[in-house]
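Written out below as structure tokens is the structure these notes cover.
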Amino acid sequence: MTNQTEHDDGVGHPPKPALIRDADGHAAILLIESLIHGLVARSLISGEDAVEIIGTASEVNDELAQETDLPAITAQQAHTLLSDIAASLSIELPDRADRPR
């Protein structure tokens, strides 16, 4: 019998990458994303500001990955999550071509 990894499906397929493997992390991401959307919806911060804040978090993540022993896969997964949240907020932003200059 072959050894199976913790995430092996038992059929010999490699484990599928998961961006969030724990319930606490998953709940935290959902809560923060919902909070940001709520702040934008209530005009407490602009959509542009929210996207900028997320961009800053992504930059900090990238710097930490370079300056610490943060595993590359962890940094990449965090980057992907932050990019996805920024993209979900960007959908709600008016098209830049339509904005007054």
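What FRET efficiency would be calculated for the residue pair ASP49, LEU70, taking the C-beta separation as r and a Förster radius of 35 Å, to the nearest 0.05?
The computed FRET efficiency comes out at 0.85.
Neighbours of SER83, meaning other residues whose beta-carbon lies under 13 angstrom from its beta-carbon, give a summed charge of -4 when Lys and Arg score +1 and Asp and Glu score -1.
Bear in mind that the values in this text are calculations on the coordinates, not laboratory data. Note that the structure is a prediction, hence the values are computed from the model and not measured. As a convention, Cβ positions derive from the backbone with ideal geometry for all residues, glycine included, and neighbour counts pool all protein chains shown.
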